[in-house]
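No lab work stands behind these numbers, since they all come straight from the coordinates. Given the structure is predicted, the values throughout are model-derived calculations rather than measurements. Virtual Cβ from ideal backbone geometry, glycine too; neighbours counted across all protein chains shown.
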Amino acid sequence: MTEDYLVKATAEHGMFRAYAVNATELVREAQKIHGTWSAASAALGRTLVGTLLLATSGLQGDQAGLTVKIQGNGPVGFIVADGTANGTVKGYVHNPHVNLPLNSNGKIDVAGAVGKQGTLSVTKMNVADKTPYTGEVNLVSGELGDDFTYYLAQSEQIPSAVGLSVFVNPDDSIEVAGGFLVQVLPGASDEQIADLEKSIQGLPLVSEMLRDGKTPEDILKKIFAGQELKILEKMPVKYQCDCSKDRFSQALASVKKEDLEEMINQDHGAQAVCQFCGKKYEFSEDELRQMLKDKD
Ligand SMILES: [Zn+2]
């Protein structure tokens, strides 16, 4: 078992902010929960890693979490992921059973699964006043790394480079998953930016580095080879769902009276299934009757 964690760093004396993560175990867990096939595993896995990187880098003090929604025109349909600044993430894909032939590079065809047209949106929730803020961009490639990069540049005006990578074994299990995010801060020179671009272009895939046993720190060292790099923080990351029966009863209590009556008289109860973790919550006839009573 590998250890999932994310590192936060600065490089070249504060000209760049950098993040790298090994998210193997959490993408394995997502694959098991949802039973995803290879192309859907890679698409969901990359979305989970991208969401983690956004949430741990981009949330302000009063923002608890963010939701990433990818709505492409490919066979997986939409993908949703929630991430928090504390390094937890959860997500699901509309159609988990998607396998596609490998693309021309011999890799899983994530763009074919997600679709090359559509949108990527990010909603941040402000805790204090509960106001959501959503930024949305069109998909530029469907491979997702480029799409997260484009979102950061367009919607948040942060020039960045994002790498997301998932290696799926022939039996659909996940061998490794991870990624990096580098943000250019004001003050970085054109030369420093050009050097960084060159370094990232020559970088092996994150999945290759992880399969070689490299750590998130090693990945950043490789990106900033020979440059000053300061690791600021190392934090565990994990797949975590915060659903509860209470949350589902609030949702149930808001359905129409007739529908509640139907659940009582015809189904003699109700079952709710969490889309993020698959947990089932049972509601008895009595519990439903109480909800009906509370409506009056
Ligand atoms: Zn759940």
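Report, in debye and to the nearest 20, how large the dipole of the range 70-163 comes out about its Cα centre when Lys and Arg carry +1 and Asp and Glu carry -1 on their Cβ. Could you put the intermediate results ahead of the total?
On the way: 5 positive and 8 negative charges, 33 e Å.
Here the size comes out at about 160 debye.
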Original post:
For the range 177-261, which trypsin sites (Lys or Arg not before Pro) are both in a DSSP coil and crowded by at most 14 other Cβ atoms within 10 Å?
Top reply: K256
Original post:
What distance in nm separates the simple spin-label points at S284 and I193, each placed 7 Å from Cα in the Cβ direction?
Top reply: 6.5 nm
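Can you give the local net charge around R28? Use residues other than it whose beta-carbon is closer than 12 angstrom to its beta-carbon, Lys and Arg +1, Asp and Glu -1. Show your work: numbers first, answer last.
Working: positive: K32, K238; negative: D4, E25, E29, D172, E175.
Around R28, the charge tally is -3.
Using 0.36 nm per residue of separation minus the Cα-Cα distance, give me the extension gain between V273 and F78 in nm, one decimal. Present the calculation step by step, with values, prior to reporting the outcome.
Numbers: separation 195, 0.36 × 195 = 70.20 nm, distance 1.84 nm.
Gain on extension, V273 to F78, equals 68.4 nm.
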**OP:** Would you order F224, F148, F16 from fewest to most other beta-carbon atoms within 10 Å of each residue's own beta-carbon?
**Re:** F224, F16, F148
Subject >> Pair S141, E228: separation of 7 Å Cα→Cβ label points (nm) >> reply: 3.1 nm
Original post:
With contacts defined as alpha carbon pairs under 8 Å and 6 or more residues apart, what's the relative contact order of the chain in percent?
Top reply: 23 percent
Original post:
By a straight-distance test (C-alpha under 20 Å), which lysines pair with K238 as possible cross-link partners, with residues fewer than eight away in the same chain excluded?
Top reply: K8, K32, K69, K90, K124, K214, K279
Original post:
Among D296, D195, which comes first, then next, by fewest other beta-carbon atoms within 10 Å?
Top reply: D296, D195
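If you rank S121, S41, S284 by fewest surrounding Cβ atoms within 10 Å, what's the result? It would help to have the intermediate numbers written out before the result.
Values: S121 15, S41 31, S284 12.
If I rank by nearby Cβ atoms, fewest first, I get S284, S121, S41.
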**OP:** Give, in whole angstrom and from largest to smallest, the semi-axes √(5λ) of the equivalent ellipsoid of the range 59-173, with λ running over the eigenvalues of the Cα gyration tensor.
**Re:** 27, 16, 13
**OP:** Can you pull the one-decimal nm distance between simple spin-label points at K295 and R211, each 7 Å off the Cα toward Cβ?
**Re:** 5.5 nm
Original post:
Excluding same-chain residues fewer than 8 positions from K295, which lysines have a Cα within less than 16 Å of its Cα?
Top reply: K256, K257
**OP:** Run the numbers on the range 1-77 and let me know its relative contact order in percent, using alpha-carbon pairs under 8 Å that are six or more apart.
**Re:** 22 percent
